[in-house]
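Structure first, then comments.
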Amino acid sequence: MEIIILRQRMMSVAREIRREGNRTIGFVPTMGALHAGHLSLVQAARARCDVVVVSVFVNPAQFGPREDFASYPRDLTHDSALLDEFKVDYVFAPAVAEIYPKGFSTYVTVEGLSEGLEGAARPRHFRGVTTVVALLLNIVRPDFAFFGQKDAQQAIVIRQMVRDLAFDSEVVVLPTARAESGLALSSRNDYLDVEQRRAATVLYRGLSRAAAAYDEGERNARRLIEAVKSTIEKEPLARLDYVSINDAETLAKLDELGDRPALISMAVFIGKTRLIDNVVLGKAKRQDASGVGA
Ligand code: AMP
């Protein structure tokens, strides 16, 4: 495994692989502080592609001024050791100035899809995400790029960007990896103490209550949302930021759920830590749960 810090080196390595013409490149962009969720993407890339590239870059452009860019967990030594164990070929870990050199002034914005939900709560967040993913896709030019359903809106926004700007990469979205407690794995769980970690299981409990109501035939979005809200309210350490039910593809807000899959997504503060989670209701049974190739 090689750790690459320069964009020129990453570009020439990827160019050389493409030139050989017989090996596919799988790419997993991350912000590091790797957990089993990230590693599930790495495993999928490893299974599907000949060469696996993982980027570790805490992207300042996707953090708001009062968010946790400075305190975001960073441990490249530990991350690299894990990635080596998972048989990754290249880790791309550039410094901020390598990605955003002085004078950087081009940003990518996906209109519409990036405006609600996380986009409404975190202005300019998705502009930062799509800009860095566009850059990384141009640097690595992978055949497949792997993302997690944990960040459902991010996956939808990136799919749209890849389609609109004709990136020559296929987006693969994989299911959310969870702890046994149901808590969605996240680098931000590192901020939680033991008591908060227990409290944080309320996100998935809330979503599961809505999913159970849905399975029993409830199709009214307000009542499904109420099931989530009342669960969150019972947890004193939790404060709901938002919960919403949207079409799982278009993100159009729903009042009544119909035949199409619906995304129920939420953000909750546990102390100062903001966590997100989601589930999809009404996913067709025959559809690959991983969304691979969808
Ligand atoms: P991050 O390092 O948080 O930017 O995440 C990098 C990638 O890993 C994104 O595509 C995330 O959606 C994905 N990811 C993060 N947490 C999980 C999880 N619990 N399960 C699956 N994928 C995840």
Hey, GLU226 over 24 Å from the mean Cα position of the chain (by Cα), farther than 23 Å from VAL173 by Cα and part of a loop (DSSP other than H, G, I, E, B) or not: no
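Matching residues to (1) in contact with a strand residue (DSSP E or B) (Cβ under 9 Å, 6 or more places away or on another chain); (2) in contact (Cβ under 8 Å) with a residue 12 or more places away in the chain; (3) open to solvent by 20 Å² or more (accessible area, probe 1.4 Å); (4) not aromatic (Phe, Trp, Tyr):
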residue	(1), (2), (3), (4)
GLN8	no, no, yes, yes
ILE17	yes, yes, no, yes
THR30	yes, yes, no, yes
GLY37	yes, yes, no, yes
ALA61	no, yes, yes, yes
ALA70	no, no, yes, yes
THR77	no, no, yes, yes
LYS87	yes, yes, yes, yes
ALA97	no, no, yes, yes
Top-ranked residue of segment 202-237 - restricted to ones that are surrounded by fewer than 19 Cβ atoms within 10 Å (Cβ to Cβ) and polar (S, T, N, Q), ranked as nearest to ALA262 (Cα to Cα): ASN220
Identity of the residue in segment 13-37, in a helix (DSSP H, G or I) and within 20 Å of LEU135 (Cα to Cα), that ends up nearest to the ligand (Cβ to nearest atom): ALA14
Pair list, Cβ under 8 Å, 6 or more apart: segment 167-184 residue touching a residue at least 24 places away in the same chain (Cβ under 8 Å) and more than 11 Å from the ligand (Cβ to nearest atom), other residue hydroxyl-bearing (Ser, Thr, Tyr) and in a loop (DSSP other than H, G, I, E, B): GLY182/THR201
Complete set of residues in segment 26-77 that are in contact with a Lys or Arg (Cβ under 7 Å, 6 or more places away or on another chain) and closer than 17 Å to GLU170 by Cα: GLY26, ARG46, ASP50, VAL51, VAL52
Single residue of ALA155, ALA166 found to be among the hydrophobic types (A, V, I, L, M, F, W, C), open to solvent by 30 Å² or more (accessible area, probe 1.4 Å) and at pLDDT 95 or above: ALA166
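The values are calculated or read from the model by the stated rules, or taken from the named source; none is laboratory data. For clarity, every value in this text was computed on a predicted model and none was experimentally measured. FYI the Cβ positions are ideal-geometry reconstructions off the backbone, even for glycines, and counts take in every protein chain you see. Side chains included, ligands, DNA and RNA excluded: accessible areas come from the protein's heavy atoms. Shrake-Rupley method; radii C 1.70, N 1.55, O 1.52, S 1.80 Å.
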